[in-house]
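Everything below concerns the one structure shown next.
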Ligand SMILES: Cc1cc2nc3c(=O)[nH]c(=O)nc-3n(C[C@H](O)[C@H](O)[C@H](O)COP(=O)(O)OP(=O)(O)OC[C@H]3O[C@@H](n4cnc5c(N)ncnc54)[C@H](O)[C@@H]3O)c2cc1C
């Protein structure tokens, strides 16, 4: 299993990938988000640098957009039929809604598993697809799909990565998770210049006076990760009580106690600066006193919300922000592009994980025809087929 990311595999992914090959992505600073034209989205990192290099085009049988449970299980079904897969997800973690929205909640309706948490299901799916060695590209959003063959698609992410795939599977759930903008007047003017909603390249924050805002895992993780390279880090949260993992909070408090960083309790009310370059933030404390924090970069982590994202521009039909498919193979109106899981619609559709698993199995049968037009597909059971067992590494 390979992971491309921002050079820092998120802890969860790192744990799954222990002992496996983790490749830091060779990536440029992405372009300033062009999608802002069609969407109300927030810039998450700086624009492409002058000397920004683009990654090489990756050729693959299948490109899966979305590493939620349905995208993950599709890797299994495609792998059994010898199709190589790359997956792209805008999140910095694998598992889609299960990992982002309810990692600790129990799910009771996965066939054959009486109870499993969102996190547990993601871990099991990762274990199940290990034999097929998929490559993950996290922290990247698919922006465009272009038809360049019959079928062959050129897929481009907002990090400038280009794929050429014979088949595209959209398993984008409810759309892309987007960061929430904090309610600070005029913040838009600083976005993409000195206010960022995600860290794509740690080096960009070297020697900065950073104001990190939030009390969850992202705020605390980035406080701890950026503190060694930033000039000074101030963490700001509205109360002195944090949702983040207790050991991260302990580490942060130890740094504050030893004078290596600052902690402030309150909320940003105003930003000061010129031409998008931040110089300071006014912070209202719990006692209503307003003080200034000098900073040249701000990273607010106010959680994520789900938006359809650029899917509307990919040439597939949409119906109430969902992709209509036919139910023999879950193909869209564009031959070679499939849609499975929460993102698709058809008569009787149920937005359940088990529906997406079924859809992935049927999708793989039709995808095989595009990837191997001259090969006949023989239906086989994993219980009795020695060739399938060989692929799974169990025989
Ligand atoms: C609180 C809660 C409880 C639930 N409980 C259950 C339950 O008990 N049983 C059940 O069956 N279902 C349950 N569900 C629903 C279940 O989580 C969804 O059906 C399932 O997650 C759908 O999987 P998916 O792979 O289609 O999409 P998702 O899990 O939504 O994953 C889609 C992924 O695509 C990525 N993405 C989107 N657009 C792009 C893009 N342009 N580029 C790159 N990546 C992109 C997103 O970041 C996301 O990670 C629950 C949902 C919630 C919110």
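Annotations
- So residue 72, is it crowded, with 23+ Cβ neighbours inside 10 Å and either in the same structural domain as residue 370 (by TED's automatic domain parsing) or modelled with pLDDT under 95 (or both): yes
- Of the residues making up the range 182-191, those that are in contact with a strand residue (DSSP E or B) (Cβ under 8 Å, 6 or more places away or on another chain) and either buried (at least 24 other Cβ atoms within 10 Å of the Cβ) or part of a loop (DSSP other than H, G, I, E, B) (or both) number 4.
- Residues in the range 77-114 that are more than 10 Å from the ligand (Cβ to nearest atom), at pLDDT 95 or above and farther than 30 Å from residue 378 by Cα: 114 only.
- Residues in the range 361-375 that are within 16 Å of the ligand (Cβ to nearest atom) and in contact with a strand residue (DSSP E or B) (Cβ under 8 Å, 6 or more places away or on another chain): 363 alone.
- If the condition is being more than 19 Å from residue 350 (Cα to Cα), touching a helix residue (DSSP H, G or I) at 6+ places or on another chain (Cβ under 6 Å) and in a helix (DSSP H, G or I), then the range 81-114 contributes only 99.
- Residue among 198, 165, 172 that alone is within 16 Å of the ligand (Cβ to nearest atom), in a strand (DSSP E or B) and in contact (Cβ under 8 Å) with a residue 60 or more places away in the chain: 165
- Strands (runs of 3 or more DSSP E) wholly inside the range 289-395 containing at least 2 residues that are out of contact with any helix residue (DSSP H, G or I) (no Cβ under 8 Å at 6 or more places or on another chain): 290-294, 304-307, 337-339
- Evaluation of residue 321 against the conditions (1) modelled with pLDDT of 95 or more; (2) assigned by TED's automatic domain parsing to the domain that holds residue 361 shows that the sole unmet condition is (1).
- Flag if residue 213 is in contact with a strand residue (DSSP E or B) (Cβ under 9 Å, 6 or more places away or on another chain) and closer than 29 Å to residue 85 by Cα: no
- Close pairs (6 angstrom Cβ cut-off, 6 or more residues apart or separate chains): touching a residue at least 24 places away in the same chain (Cβ under 8 Å) and not assigned by TED's automatic domain parsing to the domain that holds residue 107 in the range 339-359, within 7 Å of the ligand (Cβ to nearest atom) and part of a helix (DSSP H, G or I) anywhere: none
- Only listed residue being closer than 30 Å to residue 216 by Cβ and crowded, with 22+ Cβ neighbours inside 10 Å, chosen from 289, 281, 312: 281
- Being in a loop (DSSP other than H, G, I, E, B), outside the structural domain of residue 101 (by TED's automatic domain parsing) and either modelled with pLDDT of 95 or more or farther than 19 Å from residue 181 by Cβ (or both) holds for only one residue in 279, 244, and it is 244.
- Residues of the range 324-352 that turn out to be farther than 22 Å from residue 61 by Cα and surrounded by 24 or more Cβ atoms within 10 Å (Cβ to Cβ), as a count: 1
- The set of residues in the range 115-142 being assigned to a strand (DSSP E or B), within 12 Å of the ligand (Cβ to nearest atom) and either out of contact with any strand residue (DSSP E or B) (no Cβ under 8 Å at 6 or more places or on another chain) or closer than 29 Å to residue 56 by Cα (or both) consists of 136, 137, 138, 142.
Yes or no, residue by residue, for (1) more than 20 Å from the chain's Cα centre (by Cα); (2) crowded, with 17+ Cβ neighbours inside 10 Å:
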| position | (1), (2) |
| --- | --- |
| 114 | yes, no |
| 125 | no, yes |
| 129 | no, yes |
| 138 | no, yes |
| 194 | yes, yes |
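The values are calculated or read from the model by the stated rules, or taken from the named source; none is laboratory data. Note that the coordinates shown come from a computational prediction; the quantities given were computed from them, not determined experimentally. Glycine gets a Cβ as well: all are built from the backbone with ideal geometry, and neighbour counts include every protein chain shown.
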